[in-house]
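In what follows, a structure is listed as structure tokens, so that the remarks can point back to it.
The values are calculated or read from the model by the stated rules, or taken from the named source; none is laboratory data. Here the structure is a predicted model, which is why all the values come from computation and not from measurement. With ideal geometry, Cβ positions are generated from the backbone for all residues, glycine too; neighbour counts draw on all protein chains shown.
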Amino acid sequence: METAEKQKQLSLLLVDDDEELCGMMDEYFAEAGHHLDCAHNGRDGLACALNGAYDLVILDVMLPIIDGLALLEQLRRRKDLPVIMLTARAQQHDRILGLNTGADDYLPKPFDPDELLARIRAVLRRTDAAKRHGSTVITNGDIQLSATTREVRVSGSQLELTAMEFDLLEMLMRSAGRVVSRDEITVALFQREATPYDRFLDVHISHLRKKLDAGRSLIRTIRGVGYVFADAA
């Protein structure tokens, strides 16, 4: 797996107004065999993300013209593209806000470039695995999920989900009626075990419920264990 990852050139977009950081990251990714484009404000970053053919966007929160959260919100309305957010803010609230807006992962500044690349690969592994995994279409009640097109429909209407939300929903729907532990989810999707203070998964579950439930309890929390998706059968 690691060898294959190194051989595949990634096309990445970094949106950050720190030109020195962008220069350093350009050199780092070039040495790692990947292509990196940079934009230094939110307006240019959004245009590049919408018009370019990128595997993933690395997005700073604090940007001129259009800030990172507003950029992400506009991007999510028009394109399903994995996004990792960078933030110098230490407050957990700001990170949760980024996740709620649709980020697939976040990394606080300052960061280790090797960790950033590892997180990029983890996010892309989840996306690629979801496209290849199991049955093409999963149906549960009025919910239909297509692993091939990465589309979800509820009563025939398409549901807009982030890449992370789609991966999480697919995992839960494939295990409908069975409790899926937090460790099982985090190992499968994030390649690490859950920690007692990890809010990352909780945020995505909460966001997914709001989009999906419409007054029903489709995803139930089993306190201290994990989650179970309601089995329509």
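Some points to look at:
- Restricting the range 102-128 to residues that are buried (at least 16 other Cβ atoms within 10 Å of the Cβ) and of a type in the set (Gly, Ala, Ser), the residue that is modelled with the lowest pLDDT: GLY102
- Qualifying position, being over 19 Å from GLU160 (Cα atoms) and under 20 Å from the mean Cα position of the chain (by Cα), among LEU97, LEU69, LEU81, LEU36: LEU36
- Considering (1) closer than 26 Å to LEU218 by Cβ; (2) out of contact with any Leu (no Cβ under 7 Å at 6 or more places or on another chain); (3) at pLDDT 85 or above; (4) of a type outside the set (S, T, N, Q), the lone condition that PRO82 does not fulfil carries the number (2).
- The residue pairs whose first member lies in the range 146-167 and is in the same structural domain as ARG209 (by TED's automatic domain parsing), whose second member is hydroxyl-bearing (Ser, Thr, Tyr), and whose beta carbons are closer than 6 Å, counting only pairs six or more residues apart or on different chains, are ALA147/THR136; THR148/THR136; ALA163/THR127.
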